Amino acid sequence: MTSRLVKVFWAGRLSYGAGLQLQKSLVQRHRDRHLYDTPNSVVLLEHNPVYTVGIRNKGYDEEDESRLRALNADFYRTNRGGLVTFHGPGQLVAYPVIDLKEFRTNVRCYVSQIEKTIIRLCAEFGLKGETSPDTGVWIEDRKICAIGIHASRYVTSHGFALNCNTDLRWFDHIVPCGIEEKGVTSLSKELSANVRIEDAIPVFRRAFADEFECEVIDMKSEEISEALKECRNPASVATESTSAAASSTC
């Protein structure tokens with residue numbers, strides 16, 4: 001069996017700002033490994049309604065930001081790859097914070113592995129997920145999973161968002177990922193059944209372990225508590241620096 005170990009934990013419903021703080025804390029611990037015994041990890045969570053833009057934030061100015069905030073959603077400019085997307089209830093969001101050197105891979109291959117992981121997940125639900133020239137996973141011309149990542153000094157942050165039973169009407173107010181001629185979908189819509197986040201998590205864990213050739217285990221409760229302490233005060237995180245970064249689009 002492979003010696004690679006990845007610890008997974010469910011962080012519950014978090015604001016986007018809290019999620020950013022949590023990621024930053026985990027990334028910093030990777031950089032300070034002489035002080036911490038920092039594992040490779042995957043944070044699983046669900047966000048309150050929020051629109052985010054990546055480093056290619058074409059077309060979304062302050063007027064657009066005000067318009068989207070008026071929908072009772074947050075708005076963030078981030079250092080992930082990609083254009084605008086939505087996160088909210090009913091969507092499984094995953095933030096892998098892993099050291100790519102340990103997985104002997106690079107950013108391009110890492111994004112491809114995430115796509116393959118979600119394609120495996122879709123297959124277990126009886127759906128044919130596919131890639132396209134546009135990053136992410138698709139059911140025909142409908143995006144079911146958006147991907148936008150950031151990597152600095154080989155340590156990853158941000159990740160993917162899989163629509164489980166998301167209210168897809170939130171996407172009507174944007175051009176998701178800047179792709180006008182394609183739509184969005186969810187596991188629930190494709191299957192005409194209510195597929196919850198908790199239904200998708202065990203399937204994701206198996207698919208991730210297979211694709212990344214690692215052992216996936218639960219993070220211990222004390223480790224989770226320590227990590228979550230770092231995301232108590234997210235208000236100051238409205239934008240992120242884009243320096244010293246590698247990223248991939250959504």
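The values are calculated or read from the model by the stated rules, or taken from the named source; none is laboratory data. As the structure is a prediction and not an experimental result, all values here were calculated from the model. As a convention, Cβ positions derive from the backbone with ideal geometry for all residues, glycine included, and neighbour counts pool all protein chains shown. Heavy atoms of the whole protein, side chains included, go into the accessibility calculation; ligands, DNA and RNA do not. Shrake-Rupley method; radii C 1.70, N 1.55, O 1.52, S 1.80 Å.
Tabulated data
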| item | result |
| --- | --- |
| Share antiparallel - DSSP beta bridges, segment 4-232, percent rounded to 5 | 60 |
| Straight-distance crosslink candidates among lysines, where the alpha carbon sits under 16 Å from Lys229 and sequence neighbours closer than 8 are dropped | Lys24, Lys220 |
| GNM top mover of Ser188, Ser15, Ser225 - the chain, alpha-carbon springs below 10 Å | Ser225 |
| ³J(HN,Hα) computed for each position of segment 117-129 - Karplus, 6.51 cos²θ - 1.76 cosθ + 1.60, integer Hz, glycine/proline x | 4, 5, 4, 4, 4, 4, 4, 5, 8, x, 10, 9, x |
| Residues of segment 1-28 with amide N under 16 Å of a point placed 7 Å along Cα→Cβ from Arg104 | 1-5 |
| The chain - mean residue ellipticity at 222 nm from DSSP helices (-39,500 (n - 2.57) per run, n ≥ 4, rounded to 500) | -9000 deg cm²/dmol |
| Sulfur and carbon atoms: percent of accessible area, segment 68-194 [1.4 Å] | 45 |
| Spatially proximal lysines relative to Lys128 (Cα-Cα < 21 Å; intrachain offsets below 8 disregarded) | Lys116, Lys143, Lys182, Lys189 |
| Solvent-accessible area of Lys24 with every protein chain in place, 1.4 Å probe, in Å² to the nearest 10 | 90 |
| Karplus (6.51, -1.76, 1.60) ³J(HN,Hα), θ = phi - 60°, over segment 78-88, in Hz, Gly and Pro reported as x | 10, 9, 6, x, x, 9, 7, 8, 10, 10, x |
| For the chain: accessible area per residue (Å², 1.4 Å) | 46 |
| Estimated FRET transfer efficiency (Lys182, Lys128; beta-carbon r; R0 22 Å; 0.05) | 0.85 |
| FRET E, pair Arg69, Arg13, Förster distance 30 Å, beta-carbon r, rounded to 0.05 | 0.95 |
| Fully extended contour minus Cα-Cα distance, from Glu62 to Arg4, at 0.36 nm per residue | 16.5 nm |
| Length added when fully stretched, Arg169-Leu191, from 0.36 nm per residue minus Cα-Cα | 6.1 nm |
| Fraction of the pair-distance distribution of segment 1-108 above 16 Å, Cα-Cα pairs, percent | 65 |
